[in-house]
Amino acid sequence: MKSILFTILFAFCSIPFLAQTNTPVPQFEKVVHNYGEILENNGPVTAEFKVKNTGDVPLIITRVATSCGCTASNWTREPILPETEGFVNITYDPRGRPGAINQRITVFTNAPGSGIVLSLRGQVLPREKTKEEIYRRRIGDLGLTNSHASLGIVYVDQQKTDTLKMYNFGKEKIEVSFDRVPKHITVTPVPSTLAPGQEGEIIVSFDAKGVDDWGYSVSRATVMVNKQRIQGNIINISARIEEDFSKLTKQELDNAPKIEFSEITKDFGNVDEGDVIEHEFVFTNAGKSDLVIRKIQASCGCTTVAPKVTVIKPGEQSSLSASFRTRGFTGRQSKTITVITNDPKSSNVVLRLTGTVNKK
């Protein structure tokens, strides 16, 4: 008898509990849409994600959150009844976004554990740029893709070239030539005369053997258009001049100089604007041959350094004096000093003066 009463009581108490488990269940037909390859200038494209409610009560899509402003969403606003379908439409605008598509969309509903992630994939093929966009630097009717030829690292015994593109926007022929070109640089226009609407190249050659310098080097050349100087007619040629240590043997590396600083960063704390910060960076030649200080470059004119000696014997110690004049600087500061040596493993060492300058 007690067993029968217990069974009836359990069944009675379970009725409300079973009712509470009735929930909407969103089931998407897919969670990833791949557009494939689309053209940037063909306009927005839309992906439809169908969702079926496999639960027992109506499903309500409350919100759709996109990962960036490049997607716009529309979805079924009315409740989706059990065993019926709704949708979430996502529109992607490829304009100004060439490259891979990788977007996330989160769909929130009244279902437990809401927050279903949908994904957009694909590749946007860039539109063809106009001549004005390609040749953005203008010197009269002569257009250049860039006014800076960056040759990167150039070894001391190396010659390296870079190419700039040029275009004639005018209605007459243009003769291109160059003036005030440093002796270690050669600048050659190909062709030297451009017909209207014609493209060409400027070949820049940098010969490190012809310049007595180390580290970052910037040179300039003047562009002549029909033998005339026009405003903005300067191109910059930059390179980082270094020694090529890759050919050294193991024995040569073992016998090389080695620079070791006692510290590479000095935090001067809080100072008032106008104060002068001075610090000695002490270093030792821990190698087996002479250490040569080839060049010292400061991050700006506010920092000066002076090596006591430029050749340090094995086992000897020396130092660099750094001075930071804080006038005109406020807030957190970080000034760098690059020390260039013949140490094959640390040919460029960056020292830092850091701290806070308080405005008076």
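Within the stretch 324-333, is there a residue that is touching a residue at least 40 places away in the same chain (Cβ under 8 Å), polar (S, T, N, Q), part of a strand (DSSP E or B) and surrounded by fewer than 17 Cβ atoms within 10 Å (Cβ to Cβ)?
For the stretch 324-333, residues touching a residue at least 40 places away in the same chain (Cβ under 8 Å), polar (S, T, N, Q), part of a strand (DSSP E or B) and surrounded by fewer than 17 Cβ atoms within 10 Å (Cβ to Cβ): absent.
Rundown of residues vs (1) closer than 15 Å to Gly122 by Cβ; (2) in contact (Cβ under 8 Å) with a residue 60 or more places away in the chain; (3) in contact with an Asp or Glu (Cβ under 9 Å, 6 or more places away or on another chain), yes/no style:
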residue: Lys50; (1), (2), (3): no, no, yes
residue: Asp56; (1), (2), (3): no, no, no
residue: Thr62; (1), (2), (3): no, no, no
residue: Ser67; (1), (2), (3): yes, no, no
residue: Leu81; (1), (2), (3): no, no, no
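Please determine whether any residue of the stretch 295-315 is farther than 26 Å from Glu273 by Cβ, at pLDDT below 95, of a type in the set (Lys, Arg) and touching an Asp or Glu at 6+ places or on another chain (Cβ under 8 Å).
yes
Could you list, in sequence order, the residues of the stretch 255-277 that are over 19 Å from Val350 (Cβ atoms) and either in a strand (DSSP E or B) or not assigned by TED's automatic domain parsing to the domain that holds Val350 (or both)?
The answer is Gly269, Asn270, Val271, Asp272, Val276.
Within the stretch 264-280, take every residue that is in contact with a Ser or Thr (Cβ under 6 Å, 6 or more places away or on another chain) and under 16 Å from Thr304 (Cβ atoms) and give me the one that is surrounded by the most Cβ atoms within 10 Å (Cβ to Cβ).
Per the stated criteria, the residue is Asp275.
Determine which single condition Asp157 fails, assuming it passes every other condition in (1) free of Cβ contacts under 8 Å to residues at least 40 places away in the same chain; (2) under 32 Å from the mean Cα position of the chain (by Cα); (3) exposed (fewer than 14 other Cβ atoms within 10 Å of the Cβ); (4) over 26 Å from Val64 (Cβ atoms).
Single failed check for Asp157: (1).
Report whether or not Gly122 is over 15 Å from Lys50 (Cβ atoms), part of a loop (DSSP other than H, G, I, E, B) and not polar (S, T, N, Q). First the steps, then the outcome.
Details: over 15 Å from Lys50 (Cβ atoms): yes; part of a loop (DSSP other than H, G, I, E, B): no; not polar (S, T, N, Q): yes.
For Gly122, the condition - over 15 Å from Lys50 (Cβ atoms), part of a loop (DSSP other than H, G, I, E, B) and not polar (S, T, N, Q) - is not met.
Working only within the stretch 45-59, note down all residues that are over 38 Å from the mean Cα position of the chain (by Cα) and either crowded, with 18+ Cβ neighbours inside 10 Å or among the hydroxyl-bearing types (Ser, Thr, Tyr) (or both). Spell out how you get there, then give the answer.
Within the stretch 45-59, the subset over 38 Å from the mean Cα position of the chain (by Cα) is 50-59.
Answer for the stretch 45-59, where residues must be over 38 Å from the mean Cα position of the chain (by Cα) and either crowded, with 18+ Cβ neighbours inside 10 Å or among the hydroxyl-bearing types (Ser, Thr, Tyr) (or both): Val51, Asn53, Thr54, Gly55, Leu59.
Look at the stretch 122-153 and say how many of its residues are within 23 Å of Asp207 (Cα to Cα) and charged (D, E, K, R).
Residues meeting the conditions: 0.
Identify, by number, the condition in (1) touching a Pro at 6+ places or on another chain (Cβ under 7 Å); (2) closer than 30 Å to Ile293 by Cβ that Pro182 doesn't meet.
For Pro182, the exception is condition (1).
Scan (1) of a type in the set (Ser, Thr, Tyr); (2) farther than 29 Å from Cys302 by Cβ; (3) not assigned by TED's automatic domain parsing to the domain that holds Arg325 for the single condition Ser238 breaks and write down its number.
If we test Ser238 against (1) of a type in the set (Ser, Thr, Tyr); (2) farther than 29 Å from Cys302 by Cβ; (3) not assigned by TED's automatic domain parsing to the domain that holds Arg325, just (2) comes out false.
Which of the residues that make up the stretch 88-104 are assigned to a loop (DSSP other than H, G, I, E, B) and either of a type in the set (S, T, N, Q) or surrounded by 21 or more Cβ atoms within 10 Å (Cβ to Cβ) (or both)?
Matches in the stretch 88-104: Pro94 only.
Among Leu151, Leu125, Leu120, which is of a type in the set (A, V, I, L, M) and closer than 12 Å to Ala239 by Cβ?
Checking each option against the conditions leaves just Leu151.
The values are calculated or read from the model by the stated rules, or taken from the named source; none is laboratory data. Predicted model, so just to flag it, every value in this text is computed and none were measured. Reconstructed Cβ throughout: ideal geometry from the backbone, glycine too, with neighbour counts over all protein chains shown.
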